[in-house]
Amino acid sequence: MQQGDFARQTDYDVDPSATAQSFAAAGAKYMHLIDLDGAKVGKVQQAELIRKVIESVDIAVQVGGGVRSTEDIDALLGAGAARVVVGTAALEDWAWFTKLVTREKYAGKVILALDARDGVVATRGWTSSSGQRAVELAGEVSDWPLAALLYTDVAVDGMLSGPNLPRTAELVGATKLPVIASGGVGENGHIVAAKGTGAWGVIVGRAIYEGKVDLAAAFAAVG
């Protein structure tokens, strides 16, 4: 998918579990798994497949896509997810999200997704705008017991042209929470540059499947 547009989605004919195992073999400690069907319809759709993929590898897996309720979070944690990514539901029901993250059972297990266009957070599979600035939200939740913030710049996502480094650095500077950068990675150098902003981690997707990123080399480069 390019720039959050479902009409520009590319499907790759790969076995999910075998692909996950190849990531682990390359040295991955975490894997990012998204239920795109769930993101589109607003409800987790691939829970059983997610469970099978998680069971196939001995690395931590964070899962998102269509997570709209506490029940969705519990289902994914029950499927073995180490952390669950919440975006739209948090922005549209901030009171619910605030109460959720203060519960001890979810401490360190929930990631807040801040998917932004021009610095403004988008929701509902990137089809709507929340009107809220990502950097302001990052500061607001800085002391919350979240696992991390997942920052995606929608304008560069899937384009392989490089991450939005200034926006990523701005977000890192606005919060005490770990920031995971996402969007635009098209080569190993982009991963190094993204890490240079102070980001805790970097999401890589399309570039792996198209052979533009060597994961083992990337891990060696960023330590």
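The values are calculated or read from the model by the stated rules, or taken from the named source; none is laboratory data. All values derive from a computational prediction rather than experimental measurement. Neighbour counts are summed over all protein chains in view; Cβ atoms, including those assigned to glycine, are modelled from backbone coordinates with ideal geometry.
Brief remarks follow.
- Selection count where residues are under 16 Å from residue 44 (Cβ atoms), of a type in the set (Gly, Ala, Ser) and either part of a loop (DSSP other than H, G, I, E, B) or at pLDDT 95 or above (or both), scope region 83-112: 1
- Criterion (in a helix (DSSP H, G or I) and exposed (fewer than 15 other Cβ atoms within 10 Å of the Cβ)) met by exactly one of 207, 220: 220
- Residue tally, condition touching a Lys or Arg at 6+ places or on another chain (Cβ under 9 Å) and either closer than 13 Å to residue 38 by Cα or without any contact (Cβ under 8 Å) to a residue 24 or more places away in the chain (or both), over region 77-86: 2
- Region 28-43, residues that are in contact with a Gly (Cβ under 9 Å, 6 or more places away or on another chain), among the hydrophobic types (A, V, I, L, M, F, W, C) and more than 18 Å from residue 183 (Cα to Cα): 41
- Contacts under 9 angstrom Cβ, first residue in region 100-119 being on the phi < 0 side of the Ramachandran plot, partner of a type in the set (Lys, Arg) and not in a strand (DSSP E or B), 6 or more apart: 116/167
- Any hit, region 17-39, residues being modelled with pLDDT under 90, in a loop (DSSP other than H, G, I, E, B) and among the small types (Gly, Ala, Ser): no
- Condition check for residue 177: in contact with a strand residue (DSSP E or B) (Cβ under 7 Å, 6 or more places away or on another chain), modelled with pLDDT of 95 or more and outside any loop (DSSP other than H, G, I, E, B): no
- Considering 184, 205, 189, the condition of being touching a Pro at 6+ places or on another chain (Cβ under 9 Å) and closer than 13 Å to residue 160 by Cα is satisfied by 184 alone.
- Within the option set 146, 150, 171, being part of a strand (DSSP E or B), modelled with pLDDT of 95 or more and either under 14 Å from the mean Cα position of the chain (by Cα) or closer than 18 Å to residue 192 by Cα (or both) holds for one residue only, 150.
- Taken over region 90-99, the criterion of being under 21 Å from residue 34 (Cα atoms) and not acidic (Asp, Glu) is satisfied by 90, 91, 97.
- Each residue in region 161-171 was checked for being buried (at least 18 other Cβ atoms within 10 Å of the Cβ) and either among the hydroxyl-bearing types (Ser, Thr, Tyr) or more than 13 Å from residue 119 (Cα to Cα) (or both), and 2 pass.
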